[in-house]
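Novice: Got a structure here, written out as structure tokens. Questions coming.
The values are calculated or read from the model by the stated rules, or taken from the named source; none is laboratory data. As the structure is a prediction and not an experimental result, all values here were calculated from the model. Every residue, glycine among them, receives a Cβ derived from its backbone with ideal geometry; neighbour counts consider all protein chains shown.
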Amino acid sequence: MSTDTGRVADAPSDNWVYRLLPPWLWPYAQLARWDRPIGWQLLMWPCWWSTMLAANAQTLSGPLQPGLVIGHLLLFMIGAVAMRGAGCTYNDLVDHDIDMQVARTRSRPLPSGRVSRTQAKIFMVVQALVGLVVLLQFNLFAIVLGICSLAVVAIYPFAKRFTDWPQFFLGLAFSWGALMGWAGAFGSLSAAAIVLYAGAVLWTIGYDTLYAHQDKEDDALIGVRSTARLFGERTKAWLTGIYAGTILLLASAFWLAGAPWLAFAGLVAAGLMLAWQIAVVDIDDGDQCLALFKSNNRVGLAIFLGLCAGVGANVI
């Protein structure tokens, strides 16, 4: 799709952004990726898993406060939208020159010239302030923990320049919510939250490897590194190990938190979805890789619903 339409090449043209917002706001919505909700959804799921895992643990020691749990879920959703938007804007500022050389990204607001770097920086700060307001609603431990995540977020856009594992750094940043939900509930961390975080990191490496296969030809030409290029024809084997590790670590976290068997049902469903991704993926079909990447939203939902069922089983 040409840049003079005000759209970007890899965003759906029927999105609400283009139906409801005035055209002058489109570039900012594109910087924040509001027209591609999969990003904030994948950022949100570890937060929601952690919140509900903590709720499972809380039901074992006393009465649950449903209002507080729901409030935390809403805060994490708002925070995920705001911080994913700020992170994407920051990433686009860092990758301005690279995006101009990649077919899929050169129609984005910065390389196409529809937004200046100054405008993008101001927009990034505004989104980050929204995220800060959300963060300040939690306890002091969670606030400090959330601020610590900024170090990883700052490094990630540069990782593709110095390592074949930029997806690992994305995982460290995108999975931070797996610590935050537990911290928000207890004001501390435990082994269950840390193991959940490790599992979420592996999940992120897996799904972002699928995403990176869209750009591997352009990446090879301009020297951008990724696990897609590193794994190459061995991607299925690597994904098998990565996704198996994801399920094993998440199951361990559930066990450490005392989650009942119903919670594990969601993990079984998620494992079957991940196995299906591995079975059908064609790493040379960019459209299919994108569709499989997006299907991880259903994986996150299945795990969350399992944890919700676990809370229900414990309360009953």
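Novice: Within the group G187, G113, which residue is among the small types (G, A, S) and either within 15 Å of the chain's Cα centre (by Cα) or closer than 23 Å to L25 by Cβ (or both)?
Specialist: On the way: G187 fails: either within 15 Å of the chain's Cα centre (by Cα) or closer than 23 Å to L25 by Cβ (or both).
On inspection, the qualifying residue turns out to be G113.
Novice: Then there's this: With the requirement that a residue be more than 25 Å from R225 (Cβ to Cβ), assigned to a loop (DSSP other than H, G, I, E, B) and of a type in the set (S, T, N, Q), what does segment 92-130 give you?
Specialist: Within segment 92-130, just S116 meets the criteria.
Novice: Moving to a separate point now. For segment 253-302: of the residues being outside any helix (DSSP H, G or I) and β-branched (V, I, T), which is modelled with the highest pLDDT?
Specialist: V281
Novice: Let me ask something additional. Residues to consider are L110, L136, L64; find the one that is touching a helix residue (DSSP H, G or I) at 6+ places or on another chain (Cβ under 7 Å), modelled with pLDDT under 90 and surrounded by fewer than 21 Cβ atoms within 10 Å (Cβ to Cβ). I'd like the intermediate steps shown before the answer.
Specialist: Values: L110 fails: surrounded by fewer than 21 Cβ atoms within 10 Å (Cβ to Cβ); L136 fails: modelled with pLDDT under 90.
Just a single option satisfies the conditions, and that option is L64.
Novice: Okay, next question. Residues that are among the hydroxyl-bearing types (S, T, Y), touching a Phe, Trp or Tyr at 6+ places or on another chain (Cβ under 8 Å) and touching a residue at least 60 places away in the same chain (Cβ under 8 Å), at least 2 per element: which helices (runs of 4 or more DSSP H) completely within segment 12-68 meet that?
Specialist: Helices (runs of 4 or more DSSP H) meeting the threshold: 38-59.
Novice: Right, here's the next one. Name the pairs: first residue in segment 139-161 and within 30 Å of A220 (Cα to Cα), second residue basic (K, R), Cβ to Cβ under 7 Å, at least 6 apart or on different chains?
Specialist: Going by the 7 Å Cβ cut-off, the qualifying pairs are K160/R225.
Novice: Would you please list the contacts, defined by Cβ atoms under 6 Å and residues six or more apart or on different chains, that run from a residue in segment 84-105 that is free of Cβ contacts under 8 Å to residues at least 60 places away in the same chain and over 17 Å from A29 (Cβ atoms) to a residue that is assigned to a helix (DSSP H, G or I) and aliphatic (A, V, I, L, M)?
Specialist: Short answer, once both residue conditions are applied: H96/L110.
Novice: Please tell me if R225 is in contact with a Pro (Cβ under 7 Å, 6 or more places away or on another chain), in a loop (DSSP other than H, G, I, E, B), among the basic types (K, R) and crowded, with 20+ Cβ neighbours inside 10 Å.
Specialist: no
Novice: When segment 131-157 is examined, which residues are found to be part of a loop (DSSP other than H, G, I, E, B) and among the small types (G, A, S)?
Specialist: none
Novice: Specify which of the listed residues (L202, L221, L210) is in contact (Cβ under 8 Å) with a residue 24 or more places away in the chain, farther than 26 Å from L145 by Cα and under 14 Å from the mean Cα position of the chain (by Cα).
Specialist: Checking each option against the conditions leaves just L210.
Novice: Still on this structure, I have one more. Hey, V17 hits all of (1) at pLDDT below 90; (2) buried (at least 23 other Cβ atoms within 10 Å of the Cβ); (3) not polar (S, T, N, Q) but one; which does it fall short on?
Specialist: With (1) at pLDDT below 90; (2) buried (at least 23 other Cβ atoms within 10 Å of the Cβ); (3) not polar (S, T, N, Q) applied to V17, the lone miss is (2).
Novice: Say we look at segment 190-199 and pick out the residues that are among the hydrophobic types (A, V, I, L, M, F, W, C) and closer than 11 Å to S50 by Cα; which of these is nearest to the chain's Cα centre (by Cα)?
Specialist: L196
Novice: Between a residue in segment 229-255 that is under 17 Å from D208 (Cβ atoms) and touching a residue at least 24 places away in the same chain (Cβ under 8 Å) and any residue that is surrounded by 18 or more Cβ atoms within 10 Å (Cβ to Cβ) and acidic (D, E), which pairs come within a Cβ distance under 8 Å, given they are 6 or more apart or on different chains?
Specialist: Here the result reads R229/D219, each pair linking segment 229-255 to a residue that is surrounded by 18 or more Cβ atoms within 10 Å (Cβ to Cβ) and acidic (D, E).
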